[in-house]
Amino acid sequence: MKIYNKKTFMSGVFLIVLGVPTLIINILEKDVDVNIVILAVTLSAFGFSSVIRSISCKKTKEDKLDELDERNCLIKLKVQSKSFQITQIVSFVLMFFLLVMGKVSGNKEFIIMGVGIAFALCALMFSEFCTSMYYEFKN
């Protein structure tokens, strides 16, 4: 058995290691939780699928081709960019409402949470600035 895609193989083994013991422990307990059984079976199925894809030469070539496809790379970049923008907007709105709630109610906990989110928002903006400067100087 030759492993053609080690990254996929390791992620598959990790999912199997998460799923199978969870399923066994849940079955050995007296009260079985259906949600945990579904989660464990799903994890195990994805894990076995990943392991099988990683040891198949044909499937590994298909995965590599899909990974390097320009359309897929463009979609991935657009998704990451939009999710970053949404995260910034949600962080700002949440910070604003927490600070206003803290001021109106006089509750310091809201202000502390708002300031914490403000620090996270500053880190987001700083990382965006540093990334844009990096790519400006690189090109």
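The values are calculated or read from the model by the stated rules, or taken from the named source; none is laboratory data. Values in this document were obtained by computation on a predicted structure and should not be read as measured data. When we count neighbours, we look across all protein chains shown, and the Cβ atoms used for this are built from the backbone with ideal geometry, even at glycine.
Here is how the numbers come out for the structure above:
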| read-out | value |
| --- | --- |
| Verdict on T60 being more than 21 Å from the chain's Cα centre (by Cα), surrounded by 11 or more Cβ atoms within 10 Å (Cβ to Cβ) and touching a residue at least 24 places away in the same chain (Cβ under 8 Å) | yes |
| Restricting segment 46-76 to residues that are more than 16 Å from F9 (Cβ to Cβ) and of a type in the set (A, V, I, L, M), the residue that is modelled with the lowest pLDDT | L68 |
| Only one of V20, V32, V51 that is assigned to a loop (DSSP other than H, G, I, E, B), surrounded by 10 or more Cβ atoms within 10 Å (Cβ to Cβ) and not assigned by TED's automatic domain parsing to the domain that holds L124 | V32 |
| Qualifying residue in segment 74-84 (condition: within 20 Å of the chain's Cα centre (by Cα), under 30 Å from A123 (Cα atoms) and in contact (Cβ under 8 Å) with a residue 24 or more places away in the chain) | yes |
| The one condition in (1) under 30 Å from M1 (Cβ atoms); (2) in contact (Cβ under 8 Å) with a residue 12 or more places away in the chain; (3) among the charged types (D, E, K, R) that E67 fails to fulfil | (2) |
| Condition check for M10: surrounded by 11 or more Cβ atoms within 10 Å (Cβ to Cβ) and either on the phi < 0 side of the Ramachandran plot or not in a helix (DSSP H, G or I) (or both) | yes |
| Selection from segment 78-119 of residues that are loosely packed, with under 13 Cβ neighbours inside 10 Å, farther than 25 Å from T131 by Cα and small (G, A, S) | S105, G106 |
